[in-house]
Amino acid sequence: MRARGLRVTRPRLAVLEVLEACRGQAQGHLDVDQIAAQVRARLDSVSTQAVYDVLSALSRAGLARRIEPAGSPARYESRVGDNHHHIVCRGCGEIADVDCAVGEAPCLTPSQAHGFVLDEAEVTFWGLCPACQQRRADDLATPAETAAGDVTA
């Protein structure tokens, strides 16, 4: 933190610990309430506003990354600086990391850069996770089985 110009505080350390503990896990993209609950388990008390402030400072310093998939609250992760992307389940909202699609950063070259010097691309892939695919298949199979069961009964 000091190397990035931030004071080291207990709340900042606790938030970073929470983000690091979840890194690489299915639940590695946490919203503020999830982070605050885990920080409170480590510290006696911390306000939700304090967690927002810490996350803002860590994001600005490049120690945390904020993502905002459409229709979802902001999520935070500790995987920074590698220009990875995300895949989001339309069913349950699960988020997973996806490494850069092609080549070096910024991964994708737009048809027109409008004079900008590009240093990052943010891509969100959308679909259904395996669990939601199975639920959908089960839901589609259930009415047919019920109807068939009624006929033979």
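Applying 0.36 nm per residue to the separation of residue 99 and residue 142 and subtracting their alpha-carbon distance, the gain on full extension is 11.8 nm.
Summarising the strand pairing of the chain, around 65 percent of its internal DSSP beta bridges are antiparallel.
In terms of Cα atoms, the Rg and Dmax of the stretch 1-80 work out to 11.7, 35 Å. Under a Gaussian network description of the chain, with springs only between Cα atoms under 10 Å, the residue in 21, 57, 141 that fluctuates furthest is 141. Between residue 79 and residue 128, the C-beta separation translates, for a Förster distance of 25 Å, into a calculated FRET efficiency of about 0.60. Calculated [222 nm] ellipticity per residue, helices only, for the chain: -13000 deg cm²/dmol; basis is -39500 (n - 2.57) per DSSP H run with n ≥ 4, divided by all residues, nearest 500. Residues of the stretch 68-87 with amide nitrogen under 18 Å from the 7 Å Cα-to-Cβ point of residue 116? Residues passing the 18 Å test: 68-70, 81-86.
Calculate the FRET efficiency for residue 52 and residue 23 from the Cβ-Cβ distance with a Förster distance of 25 Å, rounded to the nearest 0.05.
For residue 52 and residue 23, the calculated efficiency is 0.75.
Pair-distance distribution P(r) for the stretch 27-132, from all Cα-Cα distances in 5 Å bins starting at 0: 2, 11, 18, 19, 19, 14, 9, 4, 2, 1, 0 percent. Using 0.36 nm per residue and subtracting the Cα-Cα separation, the extra length available between residue 42 and residue 4 on full extension is 11.3 nm.
Bear in mind these aren't lab numbers, they're just calculated from the coordinates by the rules spelled out. These numbers come from a predicted model, not from an experiment. Every residue, glycine among them, receives a Cβ derived from its backbone with ideal geometry; neighbour counts consider all protein chains shown.
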